[in-house]
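Here's the structure, in structure tokens; my notes come after.
The values are calculated or read from the model by the stated rules, or taken from the named source; none is laboratory data. All values reported here derive from a predicted model rather than from experimental measurement. Methodologically, a virtual Cβ is constructed for each residue, glycine included, from the backbone with ideal geometry; neighbour enumeration extends over all protein chains shown. SASA here: full protein model, heavy atoms, side chains in, ligands and nucleic acids out. Shrake-Rupley method; radii C 1.70, N 1.55, O 1.52, S 1.80 Å.
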Amino acid sequence: MNPVAIIGGGITGLTAAYRLTRNHVPVMVYEAGGRVGGPMQSIREEGYLSEFGPNTILETSPKIGALIDDLGLKERRWESNPAMNRNYIVRGGRMRALPQSPVSFAFSPLLSAAAKVRIAREFFLRNQAEDEDESLADFVRRRFGQEFLDYAINPFVTGVYAGTSEELSVQYAFPKLKALEKKYGSVIRGAILGARERRKSGEVPRTQAKKISFDEGLQVLVDALETELREAVRLDTGVTGLRCEEGEWVVTSRSRTGEETHRHSAVLLTAPAHKIAEMKMEGVDFSILGEMAHPPVARVALGFRREDVADPLRGFGFLVPKAEGMKILGTTFSSSIFANRAPEGHVLLTTFVGGCRQPELALEPEEKLMELVVEDLRRVLGVRGVPTYRHCWLFRRAIPQYNVGHKKFVDFMNGMEKRFAGLYFAGSFRDGISAGNCIVSGHDVAGRIAQFLAVGTPDHLSQTVTS
């Protein structure tokens, strides 16, 4: 059997490759960059441990824990400090605790009395929109009102997608919300009554999922997968073209040694959507995927002496609503979540800038970024003095946006899989943007590919994004 070509060495591609090899299916992973893991990368320097991409993995599916156990990482797995699970929202320049559910907002000082009454009404609200591609903002206004949108949903959307609720599609970016309304007539009622179904499936709601990492950060997971795959990974090798020939796939790639072609039994595309858009295939135009928005996001990690931060940092971090007029999107209290992220007597704060709200700020020079981050941290957390550590990283094309109109991308990928046996798409541009979503996506698509290779016919199960 020719190996399965996996194009893209991020966490989705690595997970799929590992699962296929465990099923005795040979693979070849093409990675255009000099390392695997995509944005999942940890760096240890000057006594600090910071993450380039996600700080944690939300364990929303048993498939995530199974991967960790199979790789022998159980002893290196860390769960976040349970005393630090509280999230905050900035309102009036001050951090306020974010309730964990729509019901708990009734007892929170975050919202006005009028907004709380509006939330309570949602339980009895029966009206539903037609099955149209509705924006998240319109959905939330319709069911919960404007204030809930401004101070509960918009900051959350910024923290997850670095996007805007006015543009994101509720059907594709947050399909579970839409499904609760459709099935139960109320999001709150559905959240309560749907708990039993979630327990049966083994899935865990985001608000209850364990936040996990490893003793030396998420890089541990990437390194373990790379070690298992060994010579199957080809670094600095970008795929330029595909063609289907006599029931097999021919992949053309370019590396430092020149152009090569290899034959494969199937092809899995997990590279970023804008990279897939550049590939060539006769009779196929992948460029539509290049239209998917990916706003720039800058990640700024700063270390401070503990005494130079007035706030006790008892939580996961804070998000900033647009209405606050600040320049940062939010900050994670990295050294509060896990031990060993900062030297003794110091703290590590990871702040995000840019996104769809203010993309131009992410592109500012590093020194300017540092200044604006420190300015807002001084306002919210009372920081003073000079940072003892600094690390800045720019993602020019960061998180894929599941905006209104995303259906055209989903239809394109579904259509391609039906048209070409042995061609598959998976990853953050399709199956959910979180690290956990990507692991589950890689796991599931590996099962589909293995089934296809075993029976010789494609699995045309429709794809549904999850959040």
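State to the nearest 20 debye the size of the charge dipole of the range 316-456 about its Cα centre, where the only charges are +1 on K and R beta carbons and -1 on D and E beta carbons.
Dipole size: approximately 340 debye.
From helices alone, the chain scores -9000 deg cm²/dmol at 222 nm; the rule is -39500 (n - 2.57) for each run of n ≥ 4 DSSP H residues, then divide by the residue total. Between Ala323 and Ala454, the simple spin-label model (points 7 angstrom out along Cα→Cβ) gives 5.4 nm.
Picking from Ala277, Thr261, Phe316, whose Cα lies most toward the positive end of the charge dipole for the range 255-316 (charges on Cβ: Lys, Arg +1; Asp, Glu -1)? Positive-end residue among those listed: Phe316. Taking a point 7 Å from the Cα of Glu46 along the Cα-to-Cβ direction, the residues of the range 365-385 with backbone N closer than 20 Å to it are 365-378, 382-385. Compute the signed sum of charges (Lys and Arg +1, Asp and Glu -1) over the other residues within less than 15 Å, Cβ to Cβ, of Thr261. Summing Lys and Arg as +1 and Asp and Glu as -1 gives -1. Rounded to the nearest 10 square angstrom, Glu132 shows an accessible area of 100 square angstrom against a 1.4 Å probe.
For the range 136-163, list residues with backbone N below 18 Å from a point placed 7 Å from the Cα of Lys183 toward its Cβ? Of the residues in the range 136-163, none has backbone N under 18 Å from the label point off Lys183. Here the range 223-239 is scanned for amide nitrogen atoms under 14 Å from the site 7 Å beyond the Cα of Glu259 along Cα-to-Cβ, giving 238-239.
The value of relative contact order for the chain, using C-alpha pairs under 8 Å at least six residues apart, is 24 percent. Based on the alpha carbons, how large is the Rg to Rh ratio for the range 110-196 when Rh follows Kirkwood? Value, to two decimals: 0.95. Taking every DSSP bridge with both residues inside the chain, close to 75 percent are antiparallel. With each label point set 7 Å from Cα along the Cα-Cβ vector, what nm distance links His24 and Ala421? That separation, rounded to one decimal, is 2.3 nm.
Taking the Cα centre of the chain as reference, the dipole from Cβ charges on Lys and Arg (+1) and Asp and Glu (-1) amounts to some 1640 debye. Sorting Glu45, Glu291, Glu228, Glu31 by solvent-accessible area of protein heavy atoms yields Glu291, Glu228, Glu45, Glu31, largest first, with a 1.4 Å probe. Dipole of the chain computed with +1 at Lys/Arg Cβ and -1 at Asp/Glu Cβ about the Cα centre; of Ser336, Gly303, Gln358, farthest Cα towards the positive end is Ser336.
The residues of the chain present an accessible area of 43 Å² per residue when probed at 1.4 Å with all protein chains retained. Summarising the overall dimensions of the chain from its C-alpha atoms, the Rg and Dmax are 22.4, 68 angstrom. Dividing the convex hull volume of the alpha carbon atoms of the range 303-351 by its residue count gives 78 Å³ per residue.
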